[in-house]
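Q: Pasting a structure below so you can have a look.
The values are calculated or read from the model by the stated rules, or taken from the named source; none is laboratory data. The shown structure was predicted, so the numbers you read here are calculated from the model rather than taken from an experiment. Glycine gets a Cβ as well: all are built from the backbone with ideal geometry, and neighbour counts include every protein chain shown. Keep in mind that these areas ignore ligands, DNA and RNA; they rest on the heavy atoms of the full protein, side chains included. Shrake-Rupley method; radii C 1.70, N 1.55, O 1.52, S 1.80 Å.
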Amino acid sequence: MAKTGIVIGPASCTPLFKTGDWHDQLSQAAAAALEHRARVQEKNARHQETRSLYLQITAAAMISWGISARSHDAALAVFADGTLVFAGHAERYSKIKNDSELAPGLVADALAYGEPGQIVWYERPWLKKTRQMLAGQWQEIRKTENIARYLSRYLTSRPISFTGHHLSHAAAGYYTSPFRDATIIVLDAIGEWQTYTIWEATGTQLKLRFSQRYPHSVGLWYSAMTQRCGFKPNEEEYILMGLSAFGDPLKYYDRIKADFFVWQQGHPSIRLRHNLHRGCRWWAPEVTDVENIAAATQRIYEDILLHASRFACKTLPSRNLVLMGGCALNCVANRRLADSGDWGDIWVMPCPGDAGSSIGCVLATMQEFVHWPGPFLGHRIDGAYPVAPALRRLTAGEVVGIANGRAEFGPRALGNRSLLADPRIADSQSKVNAIKQRERFRPFAPAIIVEMATDYFDMGVPSSPYMQFTARCRQPEQFPGIVHVDGTSRVQTVTATDNPGFYALLREFHHATGCPMLLNTSLNVKGEPLVNDRHDAARFAITYGVPVFCDGTEEKPGPPVTATRSDPTLLFSYNP
């Protein structure tokens, strides 16, 4: 049965610290009235679906679904008797990058575990509508379908409960972590209203200690700057992060900070001078050196994260940090956080964004810790891990695809849907970028046997199984395929427990070559989701000229890819 203590109600959810006048368009009283009305509407919409009904998890073979959808990167998680047994991204089934809608194939895979007895939705739709009213998103409001009606497209009626957007993030991070007390920081673009929260976690209790609201959003600002640099917002922020290494972070630092931000020491709030929900393409049109814009943007974000971290560290007792929200994927900033010395340990789950909230919303309802089985939670491709055939190709200097076992839940390939190459080969980076049709400056990650990681990288953290931290390479000249222009790498450490097959391949590659690592990137091309099933693997091999192994057999490649596409984002004011 559910435990008491989690802070979710409007009366008990008063944070310890508040921002000031958090918007310029609506009074606090009017905003509170809108939120109160939204909560009443939501309660009425649920009819008899009371919270006690949702929490009867003690029933035999109780199946619970958590769903994140209708915004971006839709996902579905399945719990059986409180155990996480499946989680997948809709895009992997629909083949639409960042698909916001559930996919029939995803639902079919989830139904293989049984019909759900309850469904938990990752945010509160009626509360979200009030924020959309303030933002003038009338088209979004008009087209928003009742959640029960929406889900009826995929299965018959089920009890549905709702959790807060940031609560789903916080619960996903904390209840999957190894901690039993923690400080939680959630940073993203936007939830219903919240954009940045700090939580105190003790035992199974979560208490909201700080909340910042729309339109003051660090995540929206980073996405707006991503668009200003010529990339796709809400999708290509990681490209801005990679580009930032080529620029001077100080050239526009003061100007961007002064033009966009107000923040003060001793208080956690980060206030914006502009509502950036529609971007900032208007900013400084005369500035064309986007690598320097990117560098300043990245540095300012890092400083904001450290500002939030220092406040949380001084205010709350736990030295365990859980970092969640889409911003938690910024591995460069995460390394600065690790280097700050403020925290004894840091946990960033492999899917800290909205898709991960499909797990978090169920955990927020259960209010219990869950055994974290690792990120391999998606669609299964049966067969033994293809160590021997992949090793033959890799030692011959070829690029190889792996599509085996259960797909990774999260944006990063960790050995089961990976494109691999020898990182010592001088042209491996350009060769793989050509296959993936990416910008030529984009770096790749090394996957390395965990026991040897510190021999080759200045890790800064004990391990990095999900590529959540960067590390400086100790011998960059020996591994040109995985070292970025600034000398760092986004390291994945691999253990025999995490992924036995991938670990065995790395071990055998080390025995054969003396190199304990491989270049590891996702098995997809730019603009497409990761390979999901055998059909996807065969199509990738034929289309892009790469051998892909699902087991001991090979999906035969087509002609090799020899050139990248024409892409205006390849043209910058520098020549790497």
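Q: Under the rule a/c < 1.5 gives rounded, and otherwise a/b versus b/c splits prolate from oblate, where does segment 381-462 land using the Cα gyration tensor?
A: Rounded shape, in that the Cα axes give a/c under 1.5.
Q: Where the centroid of each part is defined by its Cα atoms, how far is segment 464-499 from segment 310-339 in Å?
A: Between the Cα centre of segment 464-499 and that of segment 310-339, the gap is 20 Å.
Q: Could I ask something else about it? Cβ neighbours within 10 Å, averaged per peptide: list 327-333, 267-273 in order, most packed at the top.
A: 327-333, 267-273
Q: Moving on. May I ask you to give the percent of accessible area on segment 180-348 that is carbon plus sulfur, with a probe radius of 1.4 Å?
A: Carbon-and-sulfur percentage of accessible area, whole number: 47.
Q: So how do 318-325, 351-358 stack up, highest first, on mean other-Cβ count within 10 Å?
A: 351-358, 318-325
Q: Next question. Hey, how many Å between the Cα centroid of segment 408-446 and the Cα centroid of segment 222-276?
A: When both Cα centres are located, 27 Å separates them.
Q: Still on this model: For segment 180-348, with every protein chain kept in place, what is the accessible area per residue (1.4 Å probe, Å²)?
A: For segment 180-348, the per-residue accessible area is 34 Å².
Q: Sticking with this one: Anything over 26 Å Cα to Cα? Flag those among Lys232/Lys257; Lys257/Lys526; Lys232/Lys431; Lys251/Lys526, in the order listed.
A: Beyond 26 Å between Cα atoms: Lys257/Lys526; Lys251/Lys526.
Q: Under the classification rounded if a/c is under 1.5, otherwise prolate if a/b is larger than b/c and oblate if not, where does segment 125-189 fall, given a ≥ b ≥ c as square roots of the Cα gyration tensor eigenvalues?
A: Oblate, because a/c is 1.5 or more while a/b does not exceed b/c.
Q: Quick one: compute the contact order of the chain, relative version, from alpha carbon pairs under 8 angstrom and 6+ residues apart, as a percent.
A: 15 percent
Q: Here is a further query. Would you kindly derive the ³J(HN,Hα) couplings of segment 267-277 from the backbone phi angles with the Karplus curve 6.51 cos²θ - 1.76 cosθ + 1.60 (θ = phi - 60°), listing them in order in whole Hz, with x for Gly and Pro?
A: Running phi through 6.51 cos²θ - 1.76 cosθ + 1.60 with θ = phi - 60° gives 9, x, 5, 10, 9, 9, 7, 9, 7, 9, 4 Hz.
Q: OK, next. Where in the chain is the longest stretch that carries no chymotrypsin sites (Phe, Trp or Tyr not before Pro) classed as loop by DSSP and with at most 13 other Cβ atoms within 10 Å?
A: Formally, the longest exposed-site-free interval is 283-573.
Q: With every protein chain left in place, what is the accessible area of Glu115 in Å² (1.4 Å probe, nearest 10)?
A: Counting only protein heavy atoms, Glu115 exposes about 110 Å² to solvent.
Q: Based on the alpha-carbon gyration tensor of segment 376-549 and its eigenvalue square roots a ≥ b ≥ c, which shape applies: rounded if a/c is under 1.5, prolate if not and a/b is larger than b/c, or oblate?
A: Verdict is rounded for segment 376-549.
Q: Moving on to the next point. Applying the Karplus parametrisation 6.51 cos²θ - 1.76 cosθ + 1.60 with θ = phi - 60° to the phi angles of segment 237-254, what ³J(HN,Hα) value in whole Hz is obtained for each residue in order, glycine and proline being reported as x?
A: 4, 5, 5, 4, 4, x, 5, 4, 5, 8, x, 9, x, 9, 4, 10, 4, 5
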